[in-house]
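Here the structure is laid out as structure tokens; the discussion comes afterwards.
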Amino acid sequence: MRTRISHSIRSIAAFLLALATISCSSSPQVDAYNAFLNKIATACDPLIIGSDNMGQAIIYNGLGANNENYTTFLRQTSALYEGSMSPAVYRQTLTNNLGGGAYNERSFNCIISHLPGKQAGVPAEPAPPAK
């Protein structure tokens, strides 16, 4: 009887370990998106939209931004990254949800400039005014 219980416990433990390993692994798409987020957090510093420092929030797992705003930012940025949202709609949606700010345009341009593929045709900084 004791052997059967011991065997059952080992089987359950092995199953739970396998389940934990599977659930903790991520797909290449998730890894690429996370790498993109980390890249914009540093390359676009300060990455501020509205009054929230999204770059700091990316690096420190949400710290530096209102939780609801950060969730909205991640959701919209994911849609932009996947190509299911245009850069123009992205800018408008985040401005409507997170508010305007002095850094918005610069931050949007920088994010879009780091997108993979054809969407990345926007300069990281706006051109200086002509003299």
What per residue convex hull volume, in Å³, do the alpha-carbon atoms of region 27-120 yield? 84
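Report the trypsin sites (Lys or Arg not before Pro) located in region 31-113 that are in a DSSP loop and have at most 15 other Cβ atoms inside 10 Å of their Cβ, or state none. Intermediate values should be presented prior to the final figure.
Values: sites: LYS39, ARG75, ARG91, ARG106; in loops: none.
Hits after loop and neighbour filter: nothing returned.
Any chance you could run the full-extension gain for ALA79 through ASN97? It's 0.36 nm times the residue separation minus the Cα-Cα distance, nm to one decimal.
Working: separation 18, 0.36 × 18 = 6.48 nm, distance 1.52 nm.
Gain on stretching ALA79 to ASN97: 5.0 nm.
FYI, it's all coordinate maths here, none of it is from the lab. Source: prediction; values computed, not measured. Neighbour counts run over all protein chains shown; Cβ positions are idealised from the backbone, glycine included.
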